[in-house]
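The block underneath contains the structure these notes are about, expressed in structure tokens.
The values are calculated or read from the model by the stated rules, or taken from the named source; none is laboratory data. Computed from a prediction, not measured in an experiment: that's the story for all the values here. Cβ coordinates were reconstructed from backbone atoms using ideal geometry, including for glycine residues, and neighbour counts include every protein chain displayed. For accessibility, only protein heavy atoms count, side chains too; no ligands or nucleic acids. Shrake-Rupley method; radii C 1.70, N 1.55, O 1.52, S 1.80 Å.
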Amino acid sequence: MRFLASLSLAALALTSFTAFAQTPTAPKAPAAPKAHLAPPLVAQTPPMGWNSWNFFAERVTDKDIRAAADQLVSTGMKDAGYIYVNIDDTWEAERDATGLLHTNSKFPDMKALADYVHSKGLKIGIYSGPGTKTCGGFTASLGHEEQDAKMYAAWGIDYLKYDLCSFIPDVMQKQAPNDKAAQMRLMIAAYDKMGKALKSTGRPIVYSLCQYGWDSPWEWAPALGGNSWRSTGDITPEWDRIYTILSQQEGLEKYAGPGHWNDPDMLEVGNGKLNLAENRAHFSMWAMLASPLLAGNDLTSMKPEIKAILTNRDVIAIDQDKLGKQAFRAYSDGEVEVWARHLSGGAMAVAVLNAGSDRQATHPFHLNLAKLGLHGAQKGKDLWTGKDVELTESMPIELDSHDVLLVRIATPK
Ligand code: GLA
């Protein structure tokens, strides 16, 4: 499944690997950082920002990252909370004789890029993995975990996505060919190793585990310093994939909280052929899930209606609620699902999602408040129209296929 997908992706990218020459300006060996103080807490609310992969994939360059940083500021996304600018895979070249990893020609000077992103009041993220190669077939961190962590800290990196990929054949299958349990222990040890390496730099770096939800990372990732862990395989900009991922989150709500979050993968809002209802529903549900909100679209060509979705402050406030309680699926009725989330100050968010394609707005759905533990009429705000609404027992709700009603109830009764 995910593993096979990674391998084919890796094979594909390996063919273009040599296209990016090693940069002539080798980074200087970073000075050893002082690790006398515990780093400040990170990810107390789900990390928000932008990541290059979903739109640019292996084509991303230094210029694209700078442009994304510029756009985060000029579009108002930074002010809405999008702070991390994350470079995904394909920035890496080879190691030199000292083991120091160099950047390739697409990223001539990582320190200068980090300085640029920081100068905008933003933070910068990077990508690697515990194997010899990344998913794209580029150099990863096996055997160089501490050295890489120190280099990230010296560059000023604020976020690391650490992707399993070639660790599967390199280590898990090689060292424990017929023993799944032993393979999983090796995987966990590898994530622990990088967690410790990051911690020993003394720099606050968000640690984002990407191993597709294998072996229930929500049970062990927080203990080794993971601030988020992918809870599924890769997202694509298609409703069916988005809905499959959403369905897999049911029951995981008890594992999320300040500093440690389930990650159902980065946003596809504005990508592919998702229509407006689908973009709105995807964003609403990821906010309900207290997911990291990492936009993945091309910000330089973002349409106003996509910007309006990504910068909806009321919806972002659901995601960023300081209580950090992820939504649960309260009930479903055929293809319509009702999710609820408890918010700080006793407030509540309710999402009614018409997930399927069979029921149209012409056939209203009747809300059951009692199933949400609510009694009688509830005053709330519709977060997509911005208007006040009153939710009443059995009220008819007309929702188009793949659309959502998202309501915040300040004082639920
Ligand atoms: C994996 C990850 C993706 C992306 C690519 C990069 O598939 O799950 O999010 O980082 O690798 O190669």
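Over the C-alpha trace of the range 46-141, radius of gyration and Dmax come out as 13.7, 44 angstrom.
Absence of a disulfide-compatible partner, taken as no other cysteine beta carbon within less than 4.7 angstrom, is noted in the chain for C210. Please state, as a whole number in µm²/s, the translational diffusion coefficient that the Stokes-Einstein equation yields for the range 97-180 at 37 °C and 0.692 mPa s, with Rh defined as the Kirkwood radius across alpha carbon pairs. Translational diffusion coefficient: 234 µm²/s. Once you reduce the range 81-160 and the range 301-331 to the center of their Cα atoms, the two points are 29 Å from each other. Shape summary of the range 313-389, radius of gyration then Dmax from alpha carbon positions: 13.2, 38 Å.
Count the net charge of all other residues whose Cβ sits under 15 Å from the Cβ of L186, scoring Lys and Arg as +1 and Asp and Glu as -1.
-1
Per residue, the chain exposes 40 Å² of solvent-accessible protein surface, assessed with a 1.4 angstrom probe and all protein chains in place.
Of the solvent-accessible surface of the chain, computed with a 1.4 Å probe and all protein chains present, 55% belongs to carbon and sulfur. Taking the alpha carbon gyration tensor of the range 71-111, multiplying each eigenvalue by 5 and rooting it gives semi-axes of 31, 9, 8 Å, largest first.
In the range 101-238, the C-alpha radius of gyration followed by the widest Cα-Cα span (Dmax) gives 15.2, 50 angstrom. In plain terms, the chain from D96 to A189 could stretch by 30.9 nm, reckoned as 0.36 nm per residue minus the Cα-Cα distance.
The length gained by stretching the chain between E238 and K180 to full extension, at 0.36 nm per residue less their Cα-Cα distance, is 17.7 nm.
The translational diffusion coefficient of the chain, from Stokes-Einstein at 4 °C and 1.567 mPa s with a Kirkwood hydrodynamic radius over alpha carbon pairs, comes to 59 µm²/s.
For the range 366-411, GluC sites (Glu not before Pro) meeting the loop criterion (DSSP other than H, G, I, E, B) and having at most 15 other Cβ atoms within 10 Å: E393, E398. Our estimate of slack between H375 and I397, defined as 0.36 nm per intervening residue step minus the Cα-Cα distance, is 6.1 nm. Helical runs assigned H by DSSP (4 residues or longer) give the chain a calculated mean residue ellipticity at 222 nm of -8500 deg cm²/dmol, each run adding -39500 (n - 2.57) before division by the residue total. At the listed q of 0.13, 0.18 Å⁻¹, the Debye profile of the range 209-300, built from one uniform point per Cα, gives log10 I(q)/I(0) equal to -0.41, -0.75. Its relative contact order, with pairs defined as Cα atoms under 8 Å and 6+ residues apart, puts the range 286-413 at 23 percent.
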